[in-house]
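Engineer: I'd like to ask some things about the structure below.
The values are calculated or read from the model by the stated rules, or taken from the named source; none is laboratory data. Because the structure is predicted, anything quoted here is derived from the model rather than measured. When we count neighbours, we look across all protein chains shown, and the Cβ atoms used for this are built from the backbone with ideal geometry, even at glycine. The area values use the complete protein model at the heavy-atom level, side chains included, leaving out ligands, DNA and RNA. Shrake-Rupley method; radii C 1.70, N 1.55, O 1.52, S 1.80 Å.
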Amino acid sequence: MIAKIIKGKDFYGVLAYNDQKVGQGSAHIIDANIGLGSTIQNTNTFNTVRVLRPNLGKAVLHASLNLPYQDKLSDKEFARLGHDYLKGMGFDDNQYIIYRHHDQKHQHIHIIANRVGYSGKVVSDAKDLFRSKNILRKLEVDYGLTQLDGTIVKKESPISQQEIEKALRTGNAPIRFILLEKVKHAVHKSVDTESFIEILHAQNVRPRFNISKTTGRVSGISFEYDGIIYKGSTLGRGYSWNAIIKHIAYEQDRDRAIVLQTNSAEQRDFRGIIADKERTGENPEQPKGTIGGAGEVIGQPKDYLGLSEKDILVPEPFNSYRDELDGPLWRRRRKKGRNR
């Protein structure tokens with residue numbers, strides 16, 4: 001089971017969306033603890049409790065719980081599961097409505113809940129993703145559902161519909177989120193650039209640094225895992241290079257050698273793959289849909305997870321700043337060029 005969590009400011013918008021689905025015959029309400037009426041009436045009912053915390057910006061919890069394709073639950077079972085989920089998340093004294101939608105091949109529900117309880121207490125959202133993930137694993141066991149090696153998705157780290165459907169179909173988490181967990185682990189466990197690279201390699205993640213040709217400064221980072229390369233920024237705002245170096249000790253002059261060596265090693269590996277393909281008669285030409293002007297996606301599946309091309313990097317020509325590595329040879333070549 002996969003949960004998608006969004007916290008919002010306005011009850012009317014999310015209620016209108018779900019009520020529209022009901023009107024179209026593609027959804028129906030399976031549980032609620034408020035008196036139901038029109039969208040406006042339901043909004044006013046939620047807001048009568050929300051006013052207990054007028055300074056709370058995001059009082060709306062909108063969570064969708066998605067079952068794998070092969071799993072089926074009755075309305076009564078799904079309503080009980082939704083109630084157990086809310087209780088586990090701390091919503092045991094809060095208003096809620098649970099809608100069951102029929103607009104997808106997999107069974108799923110949408111839960112609208114008020115983060116402000118009847119007592120005026122606000123349900124904390126601290127570590128809500130981790131709590132939600134643990135609750136889902138328990139509910140899968142309690143209700144005899146397929147146990148997914150999945151993840152929880154938040155609005156700040158959006159997941160595409162194709163990613164959701166593939167995860168529900170295969171029972172595996174999207175590669176992007178597996179990679180996110182590995183990079184997150186490396187960031188938290190690293191003290192400097194060298195240990196960051198070592199921890200990534202230990203998890204079969206290969207980093208590649210984007211280096212300015214003029215200044216030699218690292219301007220970005222990408223990660224290769226399972227044959228697909230993602231820019232750090234596509235994993236989340238906290239995983240761009242500028243965000244990462246806030247957590248690890250990075251010095252441009254001190255770390256330049258290890259950064260260049262890492263890029264050079266990645267370049268040799270990529271060239272080896274191309275050479276192997278040429279020996280086996282495979283066509284090494286670049287697919288038209290790739291980015292960066294050269295290279296190809298290594299082992300990228302045809303049904304990759306629905307991301308736009310700008311979000312997925314392919315191996316571009318490596319800027320390894322080789323002139324520094326070549327040392328005296330590079331200086332002789334430069335001097336020779338001046339004398340021409």
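Engineer: Taking the Cα centre as origin and putting +1 on Lys and Arg beta-carbons and -1 on Asp and Glu beta-carbons, what dipole magnitude results for the range 25-103, to the nearest 20 debye?
Structural biologist: The dipole magnitude comes to about 240 debye.
Engineer: Still on this structure, please answer the following. Tell me, what is the per residue accessible area of the range 1-109 in Å², probe radius 1.4 Å?
Structural biologist: With the other protein chains kept in place, the range 1-109 gives 46 Å² per residue.
Engineer: Using the structure shown, select from Lys7/Lys231; Lys184/Lys231; Lys4/Lys72; Lys87/Lys121 the pairs with a Cα to Cα distance greater than 21 angstrom.
Structural biologist: Pairs exceeding the cut-off: Lys7/Lys231.
Engineer: How much solvent-accessible surface does Ser64 expose, in Å² to the nearest 10, with a 1.4 Å probe and all protein chains in place?
Structural biologist: Looks like 10 Å² after rounding.
Engineer: For labels at His247 and Val191 in the simple 7 Å Cα→Cβ model, what's the distance in nm?
Structural biologist: 1.8
Engineer: How do Arg254, Arg100 rank by accessible surface area computed with a 1.4 Å probe, from largest to smallest?
Structural biologist: The most accessible residue leads, giving Arg254, Arg100.
Engineer: What full-extension length gain, to one decimal in nm, is calculated for Ser212 and Asp125 as 0.36 nm per residue of separation minus the Cα-Cα distance?
Structural biologist: Net length gain for the segment: 27.3 nm.
Engineer: I need the shape label for the range 1-141. Rule: rounded when a/c is under 1.5, else prolate if a/b > b/c, else oblate, with a, b, c from the alpha carbon gyration tensor.
Structural biologist: Numbers: a/c = 1.93, a/b = 1.21, b/c = 1.60.
Judged from the Cα gyration tensor, the range 1-141 comes out oblate (a/c at least 1.5, b/c at or above a/b).
Engineer: If you don't mind, another one. Kindly report, to the nearest 10 Å², the accessible surface of Val51 as traced by a 1.4 Å probe over protein heavy atoms only.
Structural biologist: About 100 Å², ignoring ligands and nucleic acids.
Engineer: Percent of accessible area on the range 32-75 owned by carbon and sulfur, 1.4 Å probe?
Structural biologist: 54
Engineer: Let me ask another. Run the 1.4 Å probe and let me know the accessible area of Thr45, rounded to the nearest 10 Å².
Structural biologist: Answer for Thr45: close to 40 Å² accessible.
Engineer: Apply 1/(1 + (r/R0)^6) to the Cβ-Cβ distance of Lys184 and Asp92, taking R0 = 22 Å, and write down the FRET efficiency to the nearest 0.05.
Structural biologist: 0.10
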